[in-house]
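So the structure is just underneath, and the comments pick up after that.
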Amino acid sequence: MSIRTTTKGAKLIRYNLSDKDILSAHRLWRRTKWGNRVYLISCLILIVLISAYAELMYDDLNMQMLMRIVRVPLSIALLSLAAGFIASRAALRNFKARFQANKPIELSWNNDTITFEQGVSLWRVPLQDFRSWAMNDSILLILRRGAIWDPIPLRALTHDRQADLLDTFTKAGITRAKLFPF
């Protein structure tokens, strides 16, 4: 990891992404997406309806109560865990399948663009193409449209560089993403 300033005034940071970074970034990205929650809520409603139907089949009131207490919370927890695990592993598998996944990334930015350079690939993205950003204890995630996101490990950013990058986002009108609690 190195930090330097380019000749055109852009700040430059070099880093590698680890599996842990990708998993953390994916979990953070999922927390910004309401669509995933709608799917999960739909599945939970279906489970509640199936549980209610099963309860009607038992005449014993104790058994009905037990099914309510055990099934619904257990189903919610299992669905959440399964969906999160499957999606995170798919993101990691996709990352590892990329041709240059193990090559270092050079990130530079100025008041107009953010540039990602990795091996022979170069992505110069105008700041207006980003819609929001999110951060947890290990990753700064820059969100574009749809499922396109760019993770930056916080270990690669000094406090000053992090503040400068977030200040650049603020000046460009890029807002902090709202995170859902699960």
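Given the condition loosely packed, with under 14 Cβ neighbours inside 10 Å and modelled with pLDDT under 70, answer yes or no: does some residue in the range 12-35 qualify? Yes, that holds for at least one residue. Looking only at residues of the range 69-88 that are over 25 Å from the mean Cα position of the chain (by Cα) and surrounded by 15 or more Cβ atoms within 10 Å (Cβ to Cβ), we find that the one that is farthest from A25 (Cα to Cα) is R71. Residue pairs whose Cβ atoms lie under 8 Å apart, sitting 6 or more positions apart in sequence or on different chains, and linking a residue in the range 93-122 that is touching a residue at least 60 places away in the same chain (Cβ under 8 Å) and over 15 Å from L12 (Cβ atoms) to a partner that is open to solvent by less than 40 Å² (accessible area, probe 1.4 Å) and part of a loop (DSSP other than H, G, I, E, B), are F95/L17; F95/A101; A101/L17. Of these, R155, R176, R145, which one is open to solvent by 80 Å² or more (accessible area, probe 1.4 Å) and free of Cβ contacts under 8 Å to residues at least 24 places away in the same chain? Exactly one residue qualifies, and that residue is R145.
The values are calculated or read from the model by the stated rules, or taken from the named source; none is laboratory data. Note that the structure is predicted; figures quoted are calculated from it, not measured. Cβ: placed from backbone, ideal geometry, glycine included. Neighbour counts: every protein chain shown. We work out accessible area using only protein heavy atoms, side chains counted, and drop any ligands, DNA or RNA first. Shrake-Rupley method; radii C 1.70, N 1.55, O 1.52, S 1.80 Å.
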